[in-house]
């Protein structure tokens, strides 16, 4: 017997420290890099983001994940002992070994759960939700905890004006549970793809086994994000539009049948361009990039949590999640809340 997968709880968490565009401008000015609040707003739509305080154990990756997970469990009416599986998306883990999923499992007290990290960058929550759905549909898992959590402030390249203004830290979590196969409240379909040939558009050269992060390498910022923003913009608009339509067509739906669209929050101009291509009014597009910046795999689950908690997303609503990320990776999920 196959089952359906349904999200029963969401949660999110962010560091306390707010970093405004004026803060960024002042930091860059110290390195003779010119920018301004108006320039950042015009190009990205971002006014502020959150940064974790280095060395603060309450704002480690797994600590933000813990806060988000606890909120999601409370909404779902579940305890840590109910969790069978933890799927943890991050490209900024607490440690290479052990996985951040294991750190979270320990901190949360989810003694029955097995966990793993995955790295699909900004598409990570979509990938994680898809993995959880497959385990649930086949009956191997009853309750899964899926997270997207990032401390991107740790890998920002402060020599690159085009990318350093974009990123922030945060976490989003979802409890995913087994439901009857024909439940109206379920994940309807998921769609994934990756294209490794485009790796140079967004990557970190050093810090892995291929190239160690030596003092010389670090002096060149090669252990930080390298991004071709112009090309990323074009590909993001095209692929987000394509994957949105793929999900709708799979379910014999049209754009006007959507209640809400949650795209990856990379840049407000990208979001606007995608909505225009889809002929989707911005009133149906959920956005938090202005307040939190690009938090990679945390953007979609944190936006989902916000909209569920403030009542915009209600039972029976059809919601489309849509992402692209480094790799390059792509993915979309259509669900009925």
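The values are calculated or read from the model by the stated rules, or taken from the named source; none is laboratory data. Note that the coordinates shown come from a computational prediction; the quantities given were computed from them, not determined experimentally. Don't worry about glycine lacking a Cβ; one is built from the backbone with ideal geometry, like all the others, and counts go over all protein chains shown.
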Exercise for review: Report the residue count in the stretch 1-36 for those that are surrounded by fewer than 15 Cβ atoms within 10 Å (Cβ to Cβ), without any contact (Cβ under 8 Å) to a residue 60 or more places away in the chain and touching a helix residue (DSSP H, G or I) at 6+ places or on another chain (Cβ under 7 Å).
Suggested key: 2
Practice item. Identify the single condition in (1) more than 26 Å from residue 158 (Cα to Cα); (2) out of contact with any helix residue (DSSP H, G or I) (no Cβ under 8 Å at 6 or more places or on another chain); (3) surrounded by fewer than 18 Cβ atoms within 10 Å (Cβ to Cβ) that residue 257 does not satisfy, given that it satisfies every other one. Key: (2)
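Being touching a residue at least 12 places away in the same chain (Cβ under 8 Å) and closer than 19 Å to residue 151 by Cα is true for just one of 289, 308, 285. Which residue is that? Explain how you work it out, then say what you get.
Values: 308 fails: closer than 19 Å to residue 151 by Cα; 285 fails: closer than 19 Å to residue 151 by Cα.
The match here is 289.
What do you reckon, is residue 192 closer than 28 Å to residue 66 by Cα, at pLDDT 95 or above and in the same structural domain as residue 60 (by TED's automatic domain parsing)?
No; evaluated as a whole, the condition is false for this residue.
Is it fair to say residue 133 is part of a helix (DSSP H, G or I), free of Cβ contacts under 8 Å to residues at least 60 places away in the same chain and either out of contact with any helix residue (DSSP H, G or I) (no Cβ under 6 Å at 6 or more places or on another chain) or closer than 17 Å to residue 87 by Cα (or both)?
Values: part of a helix (DSSP H, G or I): yes; free of Cβ contacts under 8 Å to residues at least 60 places away in the same chain: no; either out of contact with any helix residue (DSSP H, G or I) (no Cβ under 6 Å at 6 or more places or on another chain) or closer than 17 Å to residue 87 by Cα (or both): yes.
Taking the combined requirement at face value, the residue does not satisfy it.
Can you tell which of 171, 123, 154 is within 17 Å of the chain's Cα centre (by Cα), surrounded by fewer than 16 Cβ atoms within 10 Å (Cβ to Cβ) and either closer than 30 Å to residue 23 by Cα or not assigned by TED's automatic domain parsing to the domain that holds residue 290 (or both)?
Criteria check complete, one pass: 154.
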Revision key, fill the gap. Only one of (1) under 20 Å from the mean Cα position of the chain (by Cα); (2) under 21 Å from residue 155 (Cβ atoms); (3) assigned to a helix (DSSP H, G or I) does not apply to residue 66, and that is (2)
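If we scan the stretch 221-240, do we find a residue that is over 23 Å from the mean Cα position of the chain (by Cα) and either crowded, with 17+ Cβ neighbours inside 10 Å or more than 16 Å from residue 334 (Cβ to Cβ) (or both)?
Applying the first criterion (over 23 Å from the mean Cα position of the chain (by Cα)) to the stretch 221-240 yields 221-222.
Adding the requirement that they be either crowded, with 17+ Cβ neighbours inside 10 Å or more than 16 Å from residue 334 (Cβ to Cβ) (or both) leaves 221-222.
Yes.
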